[in-house]
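What follows is calculated from the coordinates using simple rules that are stated; it is not laboratory data. These numbers were taken from a predicted model, which means no experiment stands behind them. Positions of Cβ are generated from backbone atoms using ideal geometry, with glycine treated the same way; all protein chains shown enter the neighbour counts.
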Amino acid sequence: MRVVIIGAGVAGLTLASNLRKNDDEMEIIVFTKGEDIAYSPCAIPLVLGGCIGSFDDIVMHDAGYYLEKNIQIHLSTTVTGVDSDNKKITFEKDSRIESLDYDKLVIATGSELVRPDFDIDDMDNVFYLSNIEDGRIIQESIKNKKNIAFISNFSIGIESAYELAKKGYNVTFLEQSFGILPLFLDQDMAGKLVELNEGVTFETNANITGITSDESGKEIHFNDKSITADVVILSSSKVPSTRLAKEAGCEIGDFAVKINEHLETSVEDIYAIGDCVEVTSHFTGTATLSPAGTTAVRQAMVLAENLTGNRMTFDPVVNTVVSQVGDYYYACSGITESFADMIGMPVVSEYIETCQKARYYPVNNRLAIKLICKCDGTIVGCQMLSRGDLSSRIDVLSFVLTGNMKCEELIQKEFSYTPSLAMVVNPIVQAALKLRKKLDG
């Protein structure tokens with residue numbers, strides 16, 4: 001059987017690797033428009049900030065590594081069309097148009113940047129930040145520069161802004177929404193994250209009308225005023241890349257390619273995974289997006305099982321995220337209070353500040369938690385801020401949410417304790433206790 005995969009991001013390559021683990025004989029062919037593969041986009045800000053030495057350090061494998069596993073990868077190759085009736089794709093490489101038959105086709109085309117309404121084509125010192133090549137260009141271009149402006153509402157932008165501020169750059173961040181990271185944090189928690197950090201000047205609700213050049217640099221015009229910078233970096237929202245899927249006849253849903261629980265599209269023998277698909281929300285049962293590497297990996301693992309004789313399903317998502325902004329980590333799982341309000345779901349929330357370890361332990365970190373539940377006590381969301389590790393805490397909340405656990409149930413769960421690692425009453429339980437008290441009136 002020949003499986004053709006369009007896209008060599010985390011979804012496509014994870015699928016290819018897992019298919020090979022499950023089947024020694026399957027023919028696996030991957031197509032990608034780029035030259036860089038098997039790198040971590042989440043690490044780009046850390047390279048720009050100098051925490052990781054070079055961009056080469058975040059590249060895990062090259063095409064030769066996959067070829068040794070009998071996985072063919074066509075670099076710098078654009079798939080131009082899909083003929084689902086005849087189960088064939090066409091592609092362009094080195095100015096030649098070729099075609100290839102498939103038995104199973106997987107669309108893993110990811111997402112693409114939303115371009116601004118104003119013109120920046122051919123403007124020097126104005127860059128997009130989306131992939132590793134963008135990162136390399138920016139790293140070289142900001143040498144001997146001082147003032148950098150970010151136009152972004154995307155996590156890689158805010159993370160990069162703070163990393164460059166740590167290196168001594170004067171950084172201004174223009175956010176077109178009411179606050180930073182609006183998909184992940186409510187405005188109160190986003191404001192707290194900005195308050196805790198230093199080094200970046202923020203302009204929110206920025207209605208940007210254009211960028212012009214003068215002798216002092218780039219002038220960004222917004223809200224009847226302007227700021228000047230040596231370099232402007234754009235890292236705005238992304239949208240699912242659905243053109244090839246649509247051309248193949250696949251149904252497009254409210255946001256992206258529509259798939260079922262087995263990752264099948266509406267067209268026989270065509271599957272889709274990663275940022276180009278819409279998934280089901282655990283909380284609403286309706287379509288949503290989950291543009292996270294962890295989601296792409298889970299989908300790839302499920303599809304690899306399904307294409308090699310097993311039958312697994314991909315469950316609805318709660319969208320669990322952890323990342324670093326400046327000196328602090330933020331983590332979230334579930335829905336925000338503002339989203340609940342938008343969809344008409346009555347919720348109650350509670351905010352606490354506590355310690356990560358026993359309060360008398362000498363090396364400690366403060367921990368801020370916002371816990372959100374429905375009026376019956378069912379927990380639907382959580383947001384956290386701290387200088388310390390939050391990954392294990394938010395992973396616990398992911399299980400709480402998928403289990404539809406109520407505050408009173410969470411309070412009764414057993415947690416571990418030692419003074420150097422934890423409090424005797426887990427901070428999550430502390431938040432649930434206060435939230436239940438509020439519910440009880």
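Quick look at the values:
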read-out	value
Dimensions (Å) - region 191-260, Cα atoms, principal axes, largest first	50, 35, 21
Part-to-part distance (alpha-carbon centres) for region 103-167 and region 211-232, which is given in Å	17
Distance in nm between pseudo-label sites at GLU408 and ILE52 (7 Å out along the Cβ direction from Cα)	4.7
LEU183-SER40 pseudo-label distance in nm [points 7 Å out on the Cα-to-Cβ vector]	2.0
Stretch gain in nm, segment TYR128-GLU98, where the contour uses 0.36 nm per residue and the Cα spacing is subtracted	7.7 nm
GluC sites (Glu not before Pro) within region 358-441, DSSP loop, no more than 16 other Cβ atoms inside 10 Å	GLU414
For region 246-254, Karplus couplings with θ = phi - 60° (6.51, -1.76, 1.60), whole Hz, Gly/Pro x	5, 4, 6, x, 6, 5, 9, x, 5
Region 31-83 - Kirkwood radius from inverse mean 1/r over Cα pairs (Å)	12.7
Among ILE379, ILE89, ILE107: highest mean-square fluctuation, GNM of the chain, C-alpha pairs under 10 Å	ILE89
Net lengthening on full extension, ASN197/THR378 (0.36 nm per residue, minus Cα-Cα)	61.9 nm
Fraction in percent of alpha-carbon pairs per bin - 10 Å, region 327-440	15, 48, 30, 7, 0
Surrounding net charge for LEU289, when Lys and Arg each add one and Asp and Glu each subtract one, Cβ distance under 10 Å	-2
Reachable lysines, given that their alpha-carbon falls under 29 Å from the alpha-carbon of LYS88 and they are not under 8 places away in the same chain	LYS21, LYS33, LYS69, LYS104, LYS238, LYS246, LYS258
Ratio Rg/Rh, restricted to region 85-227 and using Cα atoms, in which Rh is the Kirkwood radius	1.09
Coil-residue trypsin sites (Lys or Arg not before Pro) of region 59-155, DSSP, other Cβ within 10 Å capped at 16	LYS69, LYS143, LYS145, LYS146
Rounded to the nearest 20 debye, dipole of the chain from Cβ charges on Lys, Arg, Asp, Glu	1580
Under Karplus coefficients 6.51, -1.76 and 1.60, residue-wise ³J(HN,Hα) of region 52-64 in Hz, glycine/proline x	10, x, 8, 5, 4, 5, 9, 8, 8, 8, 10, 4, x
Kirkwood hydrodynamic radius (C-alpha pairs) into Stokes-Einstein, the chain, 20 °C and 1.002 mPa s, D in µm²/s	91
At 0.692 mPa s and 37 °C, Stokes diffusion of region 283-358 via Kirkwood alpha-carbon radius, µm² per second	209
Unit charges at the beta carbon, dipole of the chain: most positive-side option, THR402, GLY12, MET1	THR402
Dipole magnitude of region 1-159 about its Cα centre (Cβ charges: Lys, Arg +1; Asp, Glu -1), debye to nearest 20	300
Descending semi-axes in whole angstrom, ellipsoid equivalent of region 1-118, from the Cα gyration tensor	27, 20, 12
Region 178-231: GluC sites (Glu not before Pro) in DSSP loop, at most 12 other beta carbons within 10 Å	GLU198, GLU215
Net charge dipole size for region 115-236 [Lys, Arg +1 and Asp, Glu -1 on Cβ; Debye, nearest 20]	400
Sites ILE343 and ASP315, calculated FRET efficiency, Cβ-Cβ separation with R0 22 Å, nearest 0.05	0.60
Table column - 3J(HN,Hα) (Hz), region 307-320, Karplus curve with 6.51, -1.76, 1.60, x for Gly and Pro	7, 10, x, 9, 9, 10, 10, 9, 7, x, 9, 10, 6, 9
At R0 = 60 Å, FRET efficiency that the Cβ-Cβ distance of SER416 and THR228 yields, to 0.05	0.70
Qualifying lysines (Cα of each under 20 Å from Cα of LYS406; at least 8 residues distant if same chain)	LYS370, LYS374, LYS434, LYS437, LYS438
Inter-label distance for SER216 and ILE252, nm, one decimal - labels placed 7 Å from Cα along Cα-to-Cβ	4.3
Max mean-square fluctuation residue, GNM over the chain, Cα-Cα springs under 10 Å, options ASN70, ASN223, ASN147	ASN223
Spread of Cα-to-Cα distances over 10 Å intervals beginning at zero, given as percent, for region 59-136	12, 31, 35, 18, 4
